[in-house]
Amino acid sequence: MAGCTDLAYRLISRSYGMEFCFLEMVSAEGLIRGNENTGGLMETLPEDKPLGAQIFGCRPEAMGEAAKKIEDMGYDLLDINFGCPVPKIAGKGAGSALLARPDEAREIFKAVVKAVKKIPVTVKMRLGVKDPSGKEAAAIAKIAEECGMNAITVHGRTREQGYSGNADYEAIGLVKATVKIPVIGNGDILSGADALRLKKISGCDGVMIGRGGLGNPWIFRQVEHALQGKPLPQEPGFEERKKALLKHLDLELTYRDEQTVVCQMRKIACWYFKNLPGAAEFRGKINVCQSVETLKKLIEDFG
Ligand SMILES: Cc1cc2nc3c(=O)[nH]c(=O)nc-3n(C[C@H](O)[C@H](O)[C@H](O)COP(=O)(O)O)c2cc1C
């Protein structure tokens, strides 16, 4: 997730049971020009595995070339973004715009499948541009399968819906029923029960968690237990949350300079304390905090 799933996020999530993670999306054109690794966007470590990389773009040759580069860089999976609704990306014919362009989609899939030899190639999409039935996604999924793509992830909303309403798990089921390759369902998983419901309604083969993992690394084990029919682990208490957040802060400090961390932690700390009593007051304080020392003290004193 752009701006969220950096190295520190991934490492802390893995320590709490996350099984597979993606880098935030990178531009295929930027990657082949050699300027996409700036700012640590693609930074990783041996313990940050298995790890997928995701590219966006719309020129088949560039997508193929970028995909090959991702494989050569040692990532474990290459995903193509067919879901991003942001005008900066969709407005240029990439991301969710490709859901309405089956011919271009086919050329992109063909180029990527041809270029990548060893790692799985997948595509992540929304239900469609405007039509919420899932028919548009199903048609693109079929093309992906015909071209040799290995799996598909579907976020159960259209581009037009943005993040409004609820993800439609039945519409994800339409995609699942259309192809034989694995379909991973995505959208609004905030608990083990949500994951079970998504799997039951859509028949999907796996689930992907986005916003539910922000400041909540415990969700990964909860979902794993729910899907395996094991008793659910206990919800974390106040102290456990603080401990995890301080660990997250330490990890951020290992990879970034102090000033960047202070800015980044304003967002991250609020994820961890969301909906807890005192969270609004905490947000006010952390937003004006200027040093790591004060930041740590604010976290320690919370609650
Ligand atoms: C801040 C933010 C950044 C995101 N960045 C990406 C991205 O880089 N690539 C992608 O495929 N989806 C991205 N998404 C979409 C999520 O992966 C996911 O499909 C969506 O949030 C729905 O799932 P959720 O309800 O579990 O969050 C992003 C979403 C958010 C909120």
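The values are calculated or read from the model by the stated rules, or taken from the named source; none is laboratory data. Treat the numbers as computed from the prediction; the structure is a model and nothing was measured. Here the Cβ is made from the backbone with ideal geometry for all residues, glycine too, and neighbour counts use every protein chain on show. Note: areas computed on protein heavy atoms with side chains; ligands, DNA, RNA excluded. Shrake-Rupley method; radii C 1.70, N 1.55, O 1.52, S 1.80 Å.
For segment 211-227, a tally of residues being within 14 Å of the ligand (Cβ to nearest atom) and open to solvent by 20 Å² or more (accessible area, probe 1.4 Å) returns 4. Against the conditions (1) over 15 Å from the mean Cα position of the chain (by Cα); (2) over 18 Å from Tyr16 (Cβ atoms); (3) open to solvent by 30 Å² or more (accessible area, probe 1.4 Å), Val183 satisfies every one except (3).
Just one of (1) more than 30 Å from Arg106 (Cβ to Cβ); (2) open to solvent by 50 Å² or more (accessible area, probe 1.4 Å); (3) touching a helix residue (DSSP H, G or I) at 6+ places or on another chain (Cβ under 6 Å) fails for Arg197. It is (3).
Can you name every residue in segment 41-84 that is in a loop (DSSP other than H, G, I, E, B) and within 16 Å of the ligand (Cβ to nearest atom)? Working first, answer last.
As a first pass, look at segment 41-84 and keep what is in a loop (DSSP other than H, G, I, E, B): 41-50, 57-59, 74-76, 83-84.
Answer for segment 41-84, where residues must be in a loop (DSSP other than H, G, I, E, B) and within 16 Å of the ligand (Cβ to nearest atom): Leu41, Met42, Glu43, Thr44, Gly57, Cys58, Tyr75, Gly83, Cys84.
Hey, could you check segment 200-210 for residues that are open to solvent by 30 Å² or more (accessible area, probe 1.4 Å) and under 16 Å from the mean Cα position of the chain (by Cα) and say which is farthest from Asp6 (Cα to Cα)? Walk me through it before giving the result.
Pass one, segment 200-210, residues open to solvent by 30 Å² or more (accessible area, probe 1.4 Å): 200-201, 203, 205, 207-209.
If we keep only those that are under 16 Å from the mean Cα position of the chain (by Cα) too, we end up with 207-209.
Values: Val207: 20, Met208: 17, Ile209: 15 Å.
Across segment 200-210, the extreme among qualifying residues is Val207.
Against the conditions (1) in contact with a strand residue (DSSP E or B) (Cβ under 8 Å, 6 or more places away or on another chain); (2) at pLDDT 95 or above; (3) open to solvent by 10 Å² or more (accessible area, probe 1.4 Å), Asp72 satisfies every one except (1).
Quick check on segment 101-131: of everything there that is part of a helix (DSSP H, G or I) and under 12 Å from Cys58 (Cβ atoms), which residue is most open to solvent (accessible area, probe 1.4 Å)? Full working, then the answer.
The first filter runs over segment 101-131 and keeps only residues part of a helix (DSSP H, G or I), leaving 102-115.
Among the residues that remain, those that are also under 12 Å from Cys58 (Cβ atoms) are: 103-105, 107-108, 111.
Working: Asp103: 121, Glu104: 74, Ala105: 0, Glu107: 85, Ile108: 0, Ala111: 26 Å².
Per the criteria, the residue is Asp103.
In the set (1) in contact with a strand residue (DSSP E or B) (Cβ under 6 Å, 6 or more places away or on another chain); (2) not assigned by TED's automatic domain parsing to the domain that holds Gly213, Ala2 fails one condition alone, (1). In the condition set (1) under 30 Å from Gly40 (Cα atoms); (2) in contact with a Gly (Cβ under 9 Å, 6 or more places away or on another chain); (3) modelled with pLDDT of 95 or more, Leu249 is compliant with all but (2).
Out of Arg211, Arg106, Arg159, one residue alone is under 23 Å from Arg10 (Cα atoms) and either touching a Cys at 6+ places or on another chain (Cβ under 9 Å) or of a type in the set (Ser, Thr, Tyr) (or both). It is Arg211. Applying the condition of being of a type outside the set (Val, Ile, Thr), within 14 Å of Lys69 (Cα to Cα) and assigned to a helix (DSSP H, G or I) to segment 1-40 and asking which residue is most open to solvent (accessible area, probe 1.4 Å) yields Arg33. Restricting segment 20-40 to residues that are more than 15 Å from the ligand (Cβ to nearest atom) and charged (D, E, K, R), the residue that is farthest from the chain's Cα centre (by Cα) is Arg33.
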